Amino acid sequence: MRGDRHFIIRLAVAFLLLLPISSKSWAEEQGEGKVDVKEIIFGHLSDAYEWHIAGEAIIHLPCIVYSNESGLKVFMSDKLEGGEEYEGYHIDAESGKIVNAAGVRPFDISITKNVLELFFVCILLCSVILLSARWYRKNGYKKAPGGFIGMIEVVINFIDKQVAEASIGHGYERFSPYLLTVFLFILTCNLLGLIPIFPGGANLTGNIAVTLTCAITAFIAINAFAPKEYFKSIFWPNVPLALKAIPLMPTIEFIGVFTKPFSLTVRLFANIMAGHIIILSLTSIVFITWQVGPSVGAPMTAVSVAFCIFMNCLELLVAFIQAYVFTILTANFIGLAQHEE
Amino acid sequence: MILEAAAGAGLAKFGAAIGAAIAVIGAAFGIGNIGKSSVESIARQPSAAGDIRTSMILTAAFVEGVALFAIVVCLLTLFF
């Protein structure tokens, strides 16, 4: 208890001591122009052809575009920096994507920030899981795992038993690789999105294309492996004839097949994107209020830091919850499809 | 015509703000209900507290998801 009080007092004193330093740099940067909050927030949320780490440190990424007229072109994105044109392509100011001279987008498979982050997530996940698997292959049932491998076992056991087996029941082993993959992928993407510095900080699950792809894989897992009875229950369900003849129930059921992945998409996308927007806005408060002056900036910085700490803890919780909710809903839908009676 | 355009842009912001506020009211009612029934259930049977807590968090995530559908629509009207 006394240790806690001393720590808080020291933290407050350190924070107060930092304020004079900040006010000096504020006076120097006065002539830089207004802080564009919208650009900051959307710059962090959207995909880009380079990875902007801090200040002047930028990692330029390769652009790979193909069109029928010019063929395949591969070049680094610093050729297109500042609106310049290269080989007939330039970055459209509005959408931020590569377009040719006529404003038409070519077939674009560039390594953008999100793609690089996806590679990183894949390497991270594959190395963690495959190394754990190698431990089990070597030590199998001879030893109980400890430490890191033990933690991996807890997570995998939780998803395998509490989620997959509980929802799907008999025959769940076919789907547990998919469910584990989707859970760990979404969890890793969410957590990496909360880390502000390279290699984290890319807004993957807050991008509707990524969550849509996860939902499409869920759609395939639910519908492609379902027995005949499932499709019978959609198009000719076990309800009174009046509801079947005017195709009321079949229509509702058929629409339901598509609304389930849609809700998975939007739930994950909106939760993660909203969290990122909140944290970015709270951080921008510091810059906006310092523009007014140190007397407004200093207390608002303290408020903003406190709120940011709280929101980051909440976002950590949301990261776990959203990964879990996606997985358990998909497992439930798979279970419903498999055991239609 | 300039007035119309200006009114259109202003109306979008107004609509988005009101929509987000109403969505939050609905979410607050929903999650408040979840909290109320979960606390009552835990009071009735403290030994089931773990299960009830898990269901409460899960259901709250669903209700929040629905409110966030509305937020997404509001953001769409704001920026497009």
* Structure fact -> The lone condition A:T265 fails out of (1) closer than 27 Å to B:V73 by Cβ; (2) β-branched (V, I, T); (3) more than 14 Å from chain B (Cβ to nearest Cβ) is (3)
* Quick check: is even one residue across segment A:76-86 surrounded by 12 or more Cβ atoms within 10 Å (Cβ to Cβ), part of a strand (DSSP E or B) and modelled with pLDDT of 85 or more? -> yes
* Structure fact -> Restricted to segment A:263-319 and to residues being surrounded by 19 or more Cβ atoms within 10 Å (Cβ to Cβ) and aromatic (F, W, Y), the residue farthest from A:D36 (Cα to Cα) is A:F269
* To do: Could you list all residues from segment B:9-51 that are β-branched (V, I, T) and farther than 23 Å from A:R267 by Cα?
  => B:V39, B:I42
* Test A:I279 against the criterion of being more than 14 Å from chain B (Cβ to nearest Cβ), in a helix (DSSP H, G or I) and under 22 Å from the mean Cα position of the chain (by Cα), and give yes or no. => yes
* Given the structure, is B:F29 within 9 Å of another protein chain (Cβ to nearest Cβ) and either surrounded by fewer than 17 Cβ atoms within 10 Å (Cβ to Cβ) or not in a helix (DSSP H, G or I) (or both)? -> no
* Structure fact -> Reported set for segment A:138-153 where residues are surrounded by 10 or more Cβ atoms within 10 Å (Cβ to Cβ) and not in a loop (DSSP other than H, G, I, E, B) is A:N139, A:F148, A:I149, A:G150, A:M151, A:I152, A:E153
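Let's see how each residue does on (1) more than 24 Å from A:I156 (Cβ to Cβ); (2) in contact (Cβ under 8 Å) with a residue 12 or more places away in the chain; (3) not hydroxyl-bearing (S, T, Y):
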position	(1), (2), (3)
A:S281	yes, yes, no
A:S284	yes, yes, no
A:Q291	yes, yes, yes
A:S295	yes, no, no
A:A306	yes, no, yes
A:C313	yes, no, yes
A:L316	no, yes, yes
A:Q322	no, yes, yes
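The values are calculated or read from the model by the stated rules, or taken from the named source; none is laboratory data. What you see is a predicted model, and the numbers here were worked out from it, not measured in a lab. Positions of Cβ are generated from backbone atoms using ideal geometry, with glycine treated the same way; all protein chains shown enter the neighbour counts.
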